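One structure below.
Only the coordinates and a few stated rules stand behind these numbers; no lab work does. The structure presented is a predicted model; accordingly, all values stated were derived computationally and were not measured. Here the Cβ positions follow ideal geometry from the backbone for every residue, glycine too, while neighbour counts run over all protein chains shown.
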Amino acid sequence: MAATKETKREQTELSEAEIAVHWKEEGYYEPSPRFIGQANLTDPDLFEKFSLDHFPECYRAFGDLLSWDKYWTTTLDTSKAPFYRWFVGGMLNASYNCIDRHLAQHKNKAAIIFQGEPESEPPVAITYQELYARVNEVAALLRDFAGLKAGDRVTIHLPMTPELPITMLACARLGVIHSVVFGGFSGEASGQRIADSASRVLIGMDGYWRSGKMVDHKPAADIAYETAKREGKPPEKVLIWKRYKDRYSSQAKLVEGRDYLIDDLLPKYRGERVAPVSLPADHPLFLMYTSGTTGKPKGIQHNLGGYLAYVTAMSKYYQDIHPTDVYWCMADIGWITGHSFIVYGPLALAATSVIYEGVPTFPDPGRTWRIAEHLDVNIFHTSPTAIRQLRKLGPDEPKKYHYRFKHMTTVGEPIEPEAWRWYYHTVGKDEAVIVDTWWQTETGGFLCSTTPALHRMKPGSAGPGVLGIHPVILDENGNEVPPGSNRAGYICIRNPWPGLMATIWGDPDRYLKTYFQKYNKNPKSTDWRDWPYLAGDGALLAPDGYFRILGRIDDVINVAGHRLGTKELESACLTVPEIAEAAVVPVADDLKGRVPEIYVALKPGITASDEIKQKVVQAIETQIGKIARPKTVWIVPDMPKTRSGKIMRRVLASISNSMPTGDTTTLANPEVVEQIRVSVQGARPAVTKEGPADIRAFGQTE
Ligand code: PRX
């Protein structure tokens with residue numbers, strides 16, 4: 001009985017995700033006539049053609065942007081909803097679509113311009129013809145030396161150099177499923193992903209430049225190998241690229257019979273051509289691991305036809321890429337933004353995609369704008385964290401450089417109107433249109449954004465659903481939260497779309513549970529209308545139909561636009577022998593949006609020390625990467641807990657953010673809350689404010 005009561009109370013707390021939010025409406029900004037005059041999407045009637053009445057056949061227009069070896073017969077198969085199949089019966093190849101088909105018209109055009117971090121190294125342009133030759137040679141090597149074939153998995157742990165897209169496209173040419181791990185992730189994180197995907201080969205690099213230092217990257221491959229081996233899934237081979245072709249830039253030795261230098265093997269494949277393997281539209285193109293509520297990162301699986309069609313359409317209509325543009329997305333290819341909007345989308349449109357190796361503010365905050373000026377970039381794509389950093393370090397720098405952007409993107413986290421306005425006025429020079437694109441690893445491409453030539457911009461709001469996407473805000477019980485109600489809820493998408501992931505690699509149940517179970521009433525239904533997609537973000541809908549994204553409502557912390565699962569961080573803490581319990585919470589940060597803060601309780605008999613805190617930080621850096629480094633580690637006497645023994649991370653998050661902790665009298669140990677508060681807030685000004693909605697909602701899924 002008592003347990004039922006408790007569950008009930010916890011559920012009532014859940015409905016706090018619907019909290020009213022005091023949201024100041026911002027004024028609108030108009031796209032310039034110059035932009036509208038050249039834009040790819042200017043026909044407002046297109047939205048009618050993409051209304052739900054025309055679903056799913058409206059998406060033919062997206063499929064038609066690609067070259068098919070065999071045209072599809074069924075646009076959407078829902079017979080196993082929500083496991084959808086797009087463009088069924090169609091056959092194609094991604095590498096062909098991103099390279100070969102452009103050769104007749106654009107073989108001399110730069111596909112990729114690589115700018116290394118050292119300013120002494122001039123940019124290197126790789127034409128479509130050059131990309132074609134290199135991708136073919138690497139594909140031949142992967143096929144003949146590594147024995148890879150369609151359906152095999154390869155883990156790629158590379159920095160931002162041209163070798164990364166070349167390797168991805170070589171895999172795609174063969175139908176090999178690539179799993180790219182962000183270069184900044186640790187060797188252990190890479191090894192976990194090798195094991196989960198059972199990758200046959202790991203591809204790494206000797207080193208790369210970051211903030212003026214050559215990072216020795218090969219040791220990460222060694223650790224990854226050992227980690228995967230411990231999991232019983234060692235890769236057969238480790239292939240290593242060289243940052244400089246005339247030397248090996250790592251201190252780590254090559255292991256004989258296991259490690260090979262790709263650049264040394266390549267001459268054997270010079271001039272080789274590999275016919276692009278024609279694959280069914282629903283063949284997996286890649287896996288991308290991302291964080292969720294539970295400890296283990298999930299391998300989001302994107303399938304070839306739907307994904308490629310979707311990102312090509314988004315690049316054309318929302319990034320407004322024309323073949324004549326110079327497009328620079330500053331994201332890392334190791335995240336979904338880089339896959340969709342540095343590699344696949346832009347190259348499918350024969351654009352010139354800029355790849356920068358290093359830190360945007362190195363060696364000074366003018367670097368970004370010098371690159372833009374030198375390459376005459378006219379489409380620019382970055383994150384709020386980068387915008388805040390560039391602004392903080394060099395608020396007037398953009399004015400010193402003669403670049404001219406027509407279009408700019410912000411992605412990855414909510415952008416505060418103040419940062420948005422600096423982006424618009426100073427970076428965009430009052431001329432470039434801005435799209436605030438809300439989407440996720442799972443969604444392949446954009447979900448909400450203004451259409452650059454058709455909609456007015458509103459700082460701080462992503463905008464309406466993009467072409468074909470029909471978002472809705474639902475409350476706890478599945479009722480629609482109407483526009484203008486000033487109530488937050490769970491943002492969902494009513495309909496499937498071609499960019500939606502196919503499944504979670506090796507865990508279809510988790511796919512069902514995480515994204516669809518909450519609002520599905522009939523698990524047997526094959527009607528897509530019964531399966532709204534739950535994105536995992538809280539949002540508000542204004543009367544004008546613009547969505548404002550408030551942030552994650554699950555246990556994910558968005559650090560500088562990168563997703564970190566709190567459970568992953570907590571398991572890393574628990575590997576420190578002195579730690580009995582760990583809880584990770586988000587703290588608002590002026591630059592990075594959110595950063596993790598850690599609470600640990602020690603095992604009996606252990607005395608608190610700075611050394612233990614250091615061990616916790618170290619464990620996180622080795623097991624996940626520096627990106628997850630906590631702001632503070634607090635050692636506490638005990639965790640605040642419910643009577644059923646669950647750690648109340650929401651209470652800790654309130655303390656970390658100087659927000660009211662709410663009613664804690666029902667906890668099993670309310671007195672500990674006060675103790676923790678004194679030790680934490682004693683070190684901070686004791687302000688009490690309402691706090692951001694995602695932090696208020698944090699931990700409610702517990
Ligand atoms: O919380 C949302 C936030 O980033 C999450 C997705 O993270 P990830 O899968 O790593 O993909 C990042 C790049 C698309 C979302 O659930 N997010 C992403 N874009 C925005 C955003 N929050 C607010 N505004 C955005 N434009």
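Taking the square roots of 5 times each eigenvalue of the Cα gyration tensor of region 212-316, largest first, gives ellipsoid semi-axes of 30, 23, 16 Å.
Rounded to the nearest Hz, the phi-derived 3J(HN,Hα) couplings of region 231-245 under the Karplus curve 6.51 cos²θ - 1.76 cosθ + 1.60 (θ = phi - 60°) are 7, x, 10, x, x, 6, 9, 10, 10, 10, 7, 9, 5, 10, 5, where x marks glycine and proline. Classify region 56-182 from the C-alpha gyration tensor, please: rounded if a/c falls under 1.5, else prolate or oblate depending on whether a/b exceeds b/c. It comes out prolate by the Cα gyration axes.
Taking the beta-carbon count within 10 Å as an exposure proxy, list Leu652, Leu279 from fewest neighbours to most. Present the calculation step by step, with values, prior to reporting the outcome.
Working: Leu652 27, Leu279 23.
Exposure proxy ranking, most exposed first: Leu279, Leu652.
When you restrict to C-alpha pairs under 8 Å that are six or more residues apart and normalise by the size of the chain, the relative contact order lands at 14 percent.
With a Förster radius of 30 Å applied to the C-beta separation of Arg643 and Leu574, the computed FRET efficiency comes to 0.85. With Cα atoms as the point set, region 40-109 shows a radius of gyration and Dmax of 15.1, 45 Å. Computed on the Cα trace of region 132-206, the radius of gyration divided by the Kirkwood hydrodynamic radius gives Rg/Rh = 0.95. Computed over the alpha-carbon pairs of region 277-359, the distance histogram in 5 Å steps reads 3, 15, 21, 21, 18, 14, 6, 2, 0 percent, short to long. Label zone (Asp364, point 7 Å along Cα-to-C-beta; backbone nitrogen cut-off 14 Å) within region 380-411: 393-401.
Quote the convex hull volume per residue of region 537-590, based on C-alpha atoms, as a whole number of Å³. Don't skip to the end; give the middle numbers.
On the way: hull volume 5.2 nm³, N = 54.
Spelled out: Cα convex hull of region 537-590, divided by residues, is 96 Å³.
Ordering 634-646, 294-306 by mean Cβ neighbour count within 10 Å, with the highest value first, yields 294-306, 634-646. Beta bridges assigned by DSSP with both partners in the chain are antiparallel in approximately 60 percent of cases.
Computed from the Cβ-Cβ distance with R0 of 35 Å, the FRET efficiency linking Leu52 to Asp507 stands at 0.70.
Once fully extended, how much extra length lies between Leu393 and Glu226, figured as 0.36 nm per residue of separation less the alpha-carbon to alpha-carbon distance? Kindly include the intermediate steps, with their values, before the conclusion.
On the way: separation 167, 0.36 × 167 = 60.12 nm, distance 4.03 nm.
Working it through step by step, the gained length comes to 56.1 nm.
The stretch between Ser679 and Glu121, if pulled fully straight at 0.36 nm per residue, gains 195.9 nm over its current Cα-Cα span. A full extension of the chain between Ala150 and Asp64 corresponds to an added length of 28.5 nm, given 0.36 nm per residue minus the alpha carbon distance.
Anisotropy class assigned to the chain is rounded, per the alpha carbon gyration tensor with a/c under the 1.5 cut-off.
What is the Rg over Rh value, at two decimals, for region 354-479, using alpha-carbon atoms and the Kirkwood definition of Rh? Don't skip to the answer; put the middle values down first.
Values: Rg = 15.8 Å, Rh = 15.5 Å.
Computed over Cα atoms, the ratio is 1.02.
Nearest 0.05, what FRET efficiency do Arg421 and Arg273 give at R0 = 51 Å with Cβ-Cβ as r? Numbers along the way, then the final one.
Values: r = 51 Å, r/R0 = 1.00.
The calculated FRET efficiency here is 0.50.
Mind sorting His455, His381 by how few other Cβ atoms lie within 10 Å of their own Cβ, fewest first? List each step's numbers first, then the result.
Working: His455 20, His381 25.
Fewest to most other Cβ atoms nearby, the residues stand as His455, His381.
Cross-link partners of Lys400 among aspartates and glutamates, defined as those whose alpha carbon lies under 14 angstrom from its own and excluding same-chain residues fewer than eight positions apart: Asp364, Glu373.
From most to least packed by mean Cβ count within 10 Å, the peptides 117-127, 313-323 give 313-323, 117-127.
Residue order for His402, His283, His178, His425, fewest other beta carbons within 10 angstrom first, comes to His402, His425, His283, His178.
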